[in-house]
1. Looking at (1) more than 19 Å from N381 (Cβ to Cβ); (2) open to solvent by 20 Å² or more (accessible area, probe 1.4 Å), can you tell me which one Y303 breaks?
2. Looking at segment 457-475 only, could you name the residues that are in a loop (DSSP other than H, G, I, E, B) and crowded, with 16+ Cβ neighbours inside 10 Å?
3. Quick check: is even one residue across segment 236-250 open to solvent by 70 Å² or more (accessible area, probe 1.4 Å) and at pLDDT 80 or above?
4. Scan segment 286-311 residue by residue and report those that are of a type outside the set (A, V, I, L, M, F, W, C) and at pLDDT 90 or above.
5. Working only within segment 51-94, note down all residues that are farther than 30 Å from I390 by Cβ and part of a loop (DSSP other than H, G, I, E, B).
6. Any idea how many residues of segment 312-334 are open to solvent by less than 40 Å² (accessible area, probe 1.4 Å), among the aliphatic types (A, V, I, L, M) and at pLDDT below 90?
7. For T283, state whether it is closer than 30 Å to I337 by Cβ, open to solvent by less than 20 Å² (accessible area, probe 1.4 Å), modelled with pLDDT of 85 or more and assigned to a strand (DSSP E or B).
8. Of everything in segment 30-83 that's touching a Ser or Thr at 6+ places or on another chain (Cβ under 8 Å), surrounded by fewer than 18 Cβ atoms within 10 Å (Cβ to Cβ) and of a type in the set (K, R), which residue is nearest to A128 (Cα to Cα)?
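The values are calculated or read from the model by the stated rules, or taken from the named source; none is laboratory data. Because the structure is predicted, anything quoted here is derived from the model rather than measured. Counting neighbours? That spans all protein chains shown, and the Cβs are built from the backbone with ideal geometry, glycine included. All accessible areas refer to the heavy atoms of the entire protein, side chains included, with ligands and DNA or RNA removed. Shrake-Rupley method; radii C 1.70, N 1.55, O 1.52, S 1.80 Å.
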Amino acid sequence: MKKLLIIASILFAITLNAESIKVNNGSTFKFFELYGYMAINNKMSQNLILDGDNPFISDLTDEKFLSWTKLKLHLEPVINIAETMEIHSKLTLLGDNVVGANGSYLNASTGEYEELNNNKVSVDAVWASVKLPIGTLRAGIMPFNWGLGILYNDGNSIKNPIYGDYVSRIEMMVPYGQYKIIPAIDITASGPVITNGKDYIDGDPGDNGYQFSIMFMKEENDPEVLKEKLLREQHTLQFGALLSYIVGNPGDNYRNKIFPYLSYATDVENSGLVRRNTSGLFTADAWVKYQYKYFYINAEGAYMSGKTGVARIIDEEKEDLETKIYALALESGFSIIPNKFDIYLNAGFASFDKKSSYASNYAPTLPIDESDTNMDTFYFNKGYGIRSVIWDEVYGRFGGGLYTTLGVNYFLTSTLSLGGGTTYSTTFKSSISPSGNGANVALEPYIELTYKNDNGLRAGFDYQLAFPLDGMPNDNLSFVIHTYLGFVF
């Protein structure tokens, strides 16, 4: 609490001077800026435990009705040292904590209560930006969002305020006309550190990991500029392409993209998985966003191939698990009555592992065949929801199948809209579905009421039912009611 008050006092004091002007070489500019959002999310669910078949929480509770509330204040201060130099940071207050939590949680693997990481104030990122004659140099720990967010997602969402992706990076953004070329180097892992009695230092460079990336993109981040261009030219086109390669230790952030349930797998007795510090992981990702008058289409495709940084113990030997995974997400829509009635269609698919199953005990990614050394199921980033109770709320992310969502929005006023639709999902094989006996997972209709104004106020109400099909372990209904209130500044 004391730490929270200190940081709040500092931010308040700085904010009082936010309008102060700094003069440099005869020109004036604002030396401090503050951006961010506050989000309050409440969810009420019925049968989230799936009548005892939820692989994560069914051993921890037998309550069919569950409700919880989360509160988050996300701050992004910017200090303008000079017109060409900036220091950025991201802070989270009351991040992922449930309101009213008593400081402990029930561990799904051990069945015992453990201390909750109740850090109510966290500094998530700090990085510097310097404008040079050839471009902009950035260095530090920074958030990373790419395309639609199925692979890298910064978690900046009022409806789904997760802890997003951060990279320890140095990059150079070189403009070339209306395009940007961005080479980057990330430190993916440094391994355990040691102390010499004065400082913490890296005691073993051999367990370090590095990612080398090159990005090429055409993107406009200002929505007002995009709006003006659409009015002037009738269409807008944005796109990006990324190539990267990891050498050495990929780190848990990258392991968890391939093994999102790795913590469950390694905590289960005789799971047979161990972390490895050597890997060679290649990633390719491309996205496009196109709008023509009242029609838009967005798409992102991702591919990863190589060693995962995880090994399986086979006959007392460590065999590296390798991966070859890919996915595609599509978002499209058309305004039938401009600014009044819209229809949209979203769809996507993710590759699957022929020898893996969601039904595996606490290890949905663990191949059933004990001699298998491939992990080929792609899992969407948890920050990218597909409007699904089963995938977004029960399993946490979509993977190993196909989904499609058809919906409509009707604008009651310029700020208030009423919408609804249905999501259908299926796996590519019966054996890899949650039940292991059928491919069709669920049909999930929903309704939503959304409010959004120009002053930054955001509010909404979502209600979604999940009708289980033959791919689910039982045929009992589940639903989630989600209410949220947020302020963007």
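1. Condition (1) is where Y303 drops out.
2. Across segment 457-475, the qualifying residues are L469, G471, M472, P473.
3. Yes: segment 236-250 contains one or more residues that are open to solvent by 70 Å² or more (accessible area, probe 1.4 Å) and at pLDDT 80 or above.
4. K289, Y290, Q291, Y292, Y294, Y296, N298, E300, G301, Y303, S305, G306
5. E83, T84
6. Total meeting the criteria: 2.
7. In short, no.
8. K30
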